[in-house]
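Asks: Next up is a structure, given as structure tokens.
The values are calculated or read from the model by the stated rules, or taken from the named source; none is laboratory data. Computed from a predicted model, the values in this text were never measured in an experiment. Glycine also receives a Cβ, built like all others from the backbone with ideal geometry; neighbour counts cover every protein chain displayed. Heavy atoms of the whole protein, side chains included, go into the accessibility calculation; ligands, DNA and RNA do not. Shrake-Rupley method; radii C 1.70, N 1.55, O 1.52, S 1.80 Å.
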Amino acid sequence: MHPRPWILFWFFVICCHLYLDYSLYRRWKGWIRGMKTGFAMSRLKMPVVRIWLYEVFLQRQLFSLSVMRWLIHQCIFWGFISLTFLSLTKFILLLLSRISLDAGLHDFFSWGAGYPFTKLWGDFFGLILFAGCAGALARRFVLRPVETAHDQTDTFLTVYLLLMTLSGFMLESLRMALSPSDLDNYAFIGGIFMPARFGIVAGLGTWHAVTWIFHAFSGAAILAYLPHSKLLHSLLAPLVIALNAAEEEGRKDMYWPKTKQYRPIR
Amino acid sequence: MSSPTCCMKNSDSFTKNLTPSQRIEIDACTQCGECLDCCPVQQVTKNPDISPPEKIRMFREFIMATDSLKAKILGAKEIDRKLLEDFTRAVFECTTCGACGQNCTVGINTQRLWPMLRKEMVRRGLGPLGPQKEMPEAIGKTGNPYGKPAEERYSPWFPEDIQVVEKAPVAYYAGCTGAYEAHPMVKGDVLVLHAIGEPFTMLPPEEEVCCGFPLFITGQHDMLEGLVKRLVEAYQARDVKTLVCSCPCCVNIMARDWPLYYGRELPFRIRHITQAVAGAFAAGRLKIERELRERIIYHDPCYLSRGVGIMEEPRDVLKNIPGIELLEFDHNRLESRCCGAGGAARKVYHENAVAMGRLTIDEAVRKKADKLILSCPACYAKVHEAMQDHKTKIPIVDIMELISGLLGKG
């Protein structure tokens, strides 16, 4: 394998992260500039929590509007969340292993008995994310539902996520080709992209380095792109749902939480 | 009128009237367009420039132009007045029915957001529009937004044989639109309340002033606190524990906003008339003996269904009529379609309101209903108006008008 530009990568990650933090801080400053309204934690009661869980994780509202759109969105949501969780966990375990506080979990998941689990998790949720992005593009350009209003940035974001997922599978297959292991069978999608299948037998190290650079840097760039893209709704929608539900709870409307019943599936 | 705006620059911040959660809502909109399909204004105008996502996109741009980092460093951009005027028209053309919020995939409460955007445009001197401007002065002088004399508030419709008591645990608030524009409706309310047999009180006509909803919905909030305190204290002085009202807009602002303007919890509870009447039927204090072999269709008012969640009580009341067949609109309960009367838009965008009202009439006729039943004075007045010069006709009846008619002898 060719050496990878780790220093440049971490520098890039830090820059993107700082930019994300700053952008969110700017937005936060803007939000709290509005009219002052009190928020009591005591409002976070069971109806609020229940509505939040239903809407954020099960996306009940979307389900009632369109089952197909709900399925696509659920694939993207769970795929994206699960892969982010995997990457973050691996990163945290790596840091903890440097100061011997990982309880051996880093080695366990990186090359021990937990390695198949990591592979299965990554490939399964990568496939889910890929299916979601492909479905979103197919819905947008093939099925063309009338209510869909979108601009080019929507397409860019979906293609961006699709390419990131694809590059992740390719990266895995190149690593498997360069350093085979008995546990590779667990990477059930990575096996499909094995370079030999595409007639690539030479220069695998270079392919691996290039793919790694694309995958790693585009992954980090999402941090900087998030506050300017529709990905922002992944942070704001749960916040809006929680705030509105808590406000209703505080106001004690006549029929809260019945007013949050959603329409039946059409 | 609202605060003076003559010296305000177009580059002044746009967020002064929004709560933090409303600011987050504006950022959270993904412009997915799911709300277009359910917007009644879109249905009749087909104008995407005034659609909910477009309004949010425009307002977001105004915020960016005045509050972004670039604006802080290089100075806020002076926004083209034509653009601001276009936005004002778009936000005032909305009926604030809340269907977009009901369908919003990120949970934006648009029925609360639009009035605040209107308030901002009022602060900038761009709104309200047309006759809406006259409402604060009319309310200040006469207590109602129609500018009609207080002495005519009850006299044309109040049944002579019914007496109200000075003090009682139950009070009835007629509301301006009902009292001045929908007499059969408020007369029906009083007759049914009387038939329940429980004594009730009412404020004298000069004391029963506007609930504040027309001012709230048109962004003219300056007088609200005074009106609310005046009414709450008047009812409190009459030992009222339950305030009954038939106007969904009044009920909405009473239940949701009066505590905010009053500064604390109200000393009485708010009830829509259908809640009181459904309770009376359930308790056996009211019974309809006469049979009515008709197919009736009930229209859910936006501020009653999406606003405060009252959807089953009107149906429960109607089901107490022997022989009745209750039909439903394709879009009912939380999904109901605005009849065009909402948000004070009918005062300015009359053609839209009439077109929406006619869609309601047409669907009722298509479903072969004998009567269209309403439970809102604004709907009552507007749908009647929409039927004038319309090829399709159907008897339009208020729910309490129908019930009171059946309670009578013969």
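Asks: From the list B:ARG315, B:ARG306, B:ARG290, which one is open to solvent by less than 30 Å² (accessible area, probe 1.4 Å), away from every other protein chain (no Cβ under 13 Å) and among the basic types (Lys, Arg)?
Replies: Residue meeting the stated conditions: B:ARG315.
Asks: Before we move on, is A:LEU183 modelled with pLDDT of 85 or more and either over 30 Å from A:CYS15 (Cβ atoms) or under 23 Å from the mean Cα position of the chain (by Cα) (or both)?
Replies: When the stated conditions are applied, A:LEU183 does not pass them.
Asks: Okay, moving on. Looking only at the range B:11-24, decide whether some residue is touching a residue at least 24 places away in the same chain (Cβ under 8 Å), open to solvent by less than 20 Å² (accessible area, probe 1.4 Å), more than 7 Å from every other protein chain (Cβ to nearest Cβ) and more than 27 Å from B:VAL354 (Cβ to Cβ).
Replies: yes
Asks: Right, next: Report whether or not A:ILE81 is of a type in the set (Val, Ile, Thr), within 11 Å of the chain's Cα centre (by Cα) and open to solvent by 40 Å² or more (accessible area, probe 1.4 Å).
Replies: yes
Asks: Right, something else. For the range B:350-360, indicate whether the set of residues that are farther than 21 Å from B:GLU93 by Cβ and either outside the structural domain of B:HIS194 (by TED's automatic domain parsing) or in a strand (DSSP E or B) (or both) is non-empty.
Replies: Scanning the range B:350-360 turns up no residue that is farther than 21 Å from B:GLU93 by Cβ and either outside the structural domain of B:HIS194 (by TED's automatic domain parsing) or in a strand (DSSP E or B) (or both).
Asks: In the range A:103-154, which residues are over 30 Å from A:PHE91 (Cα atoms) and touching a Gly at 6+ places or on another chain (Cβ under 7 Å)?
Replies: A:GLU147, A:THR148, A:ALA149
Asks: How many residues, within the range B:320-343, are open to solvent by 10 Å² or more (accessible area, probe 1.4 Å) and in a helix (DSSP H, G or I)?
Replies: 4
Asks: Just the residues that are away from every other protein chain (no Cβ under 12 Å) and open to solvent by 10 Å² or more (accessible area, probe 1.4 Å), please, taken from the range B:263-285.
Replies: The answer is B:GLY263, B:ARG264, B:PRO267, B:PHE268, B:ALA276, B:ALA278, B:GLY279, B:PHE281, B:ALA282, B:ALA283, B:GLY284, B:ARG285.
Asks: Which of the helices (runs of 4 or more DSSP H) found entirely inside the range B:73-150 contain at least 1 residues meeting this: under 18 Å from B:PHE14 (Cβ atoms)?
Replies: Output list reads B:81-93, B:110-123.
Asks: Follow-up. Look through B:ARG89, B:ARG112 and report the one residue that is in the same structural domain as B:GLU61 (by TED's automatic domain parsing) and farther than 14 Å from B:ILE56 by Cβ.
Replies: It is B:ARG89.
Asks: While we're on this one: Quickly run through the range B:130-147 and pick out the residues that are farther than 18 Å from B:GLU207 by Cα and crowded, with 21+ Cβ neighbours inside 10 Å.
Replies: B:GLN132
Asks: Quick one: how many residues across the range B:318-352 are touching a Gly at 6+ places or on another chain (Cβ under 6 Å) and under 11 Å from B:PRO40 (Cβ atoms)?
Replies: So the answer is 2.
Asks: Then there's this: Starting from the range B:318-339, keep only residues that are on the phi > 0 side of the Ramachandran plot, then list their pairs with residues that are of a type in the set (A, V, I, L, M, F, W, C) whose Cβ atoms are within a distance under 8 Å, requiring at least 6 positions of separation or different chains.
Replies: Once the first residue is on the phi > 0 side of the Ramachandran plot and sits in the range B:318-339, its partners that are of a type in the set (A, V, I, L, M, F, W, C) give B:GLY323/B:LEU292; B:ARG333/B:MET311.
Asks: Something else about it: Being open to solvent by 60 Å² or more (accessible area, probe 1.4 Å), more than 14 Å from chain B (Cβ to nearest Cβ) and in contact (Cβ under 8 Å) with a residue 40 or more places away in the chain narrows it down to one residue among A:THR153, A:THR206, A:THR165; which is it?
Replies: A:THR206
Asks: Please give the number of the condition A:MET176 fails out of (1) open to solvent by 30 Å² or more (accessible area, probe 1.4 Å); (2) at pLDDT below 90.
Replies: For A:MET176, the failing item is (1).
Asks: Within the range A:96-118, work out how many residues are part of a helix (DSSP H, G or I) and either aromatic (Phe, Trp, Tyr) or loosely packed, with under 12 Cβ neighbours inside 10 Å (or both).
Replies: Counting residues in the range A:96-118 that are part of a helix (DSSP H, G or I) and either aromatic (Phe, Trp, Tyr) or loosely packed, with under 12 Cβ neighbours inside 10 Å (or both) gives 5.
Asks: Check whether at least one residue in the range B:46-68 is open to solvent by less than 10 Å² (accessible area, probe 1.4 Å), among the small types (Gly, Ala, Ser) and more than 14 Å from chain A (Cβ to nearest Cβ), and report yes or no.
Replies: No, every residue in the range B:46-68 fails to be open to solvent by less than 10 Å² (accessible area, probe 1.4 Å), among the small types (Gly, Ala, Ser) and more than 14 Å from chain A (Cβ to nearest Cβ).
Asks: Do you know which residues across the range B:163-184 are more than 21 Å from B:TYR380 (Cβ to Cβ) and open to solvent by less than 60 Å² (accessible area, probe 1.4 Å)?
Replies: The answer is B:VAL164, B:VAL165, B:ALA168, B:VAL170, B:ALA171.
Asks: Return the only residue of B:ILE296, B:ILE270 being at pLDDT 95 or above and in a strand (DSSP E or B).
Replies: Testing whether each residue is at pLDDT 95 or above and in a strand (DSSP E or B) leaves just B:ILE296.
Asks: Please pick out the residue among B:MET387, B:MET356 that is buried (at least 24 other Cβ atoms within 10 Å of the Cβ) and out of contact with any Asp or Glu (no Cβ under 9 Å at 6 or more places or on another chain).
Replies: Sole residue among the options that is buried (at least 24 other Cβ atoms within 10 Å of the Cβ) and out of contact with any Asp or Glu (no Cβ under 9 Å at 6 or more places or on another chain): B:MET356.
Asks: Looking only at the range A:239-247, decide whether some residue is open to solvent by 50 Å² or more (accessible area, probe 1.4 Å) and within 11 Å of chain B (Cβ to nearest Cβ).
Replies: Yes, there is a match, as at least one residue in the range A:239-247 is open to solvent by 50 Å² or more (accessible area, probe 1.4 Å) and within 11 Å of chain B (Cβ to nearest Cβ).
Asks: Of all the residues that make up the range B:361-377, how many are in contact with an Asp or Glu (Cβ under 8 Å, 6 or more places away or on another chain) and in a helix (DSSP H, G or I)?
Replies: Of the residues in that region, 2 qualify.
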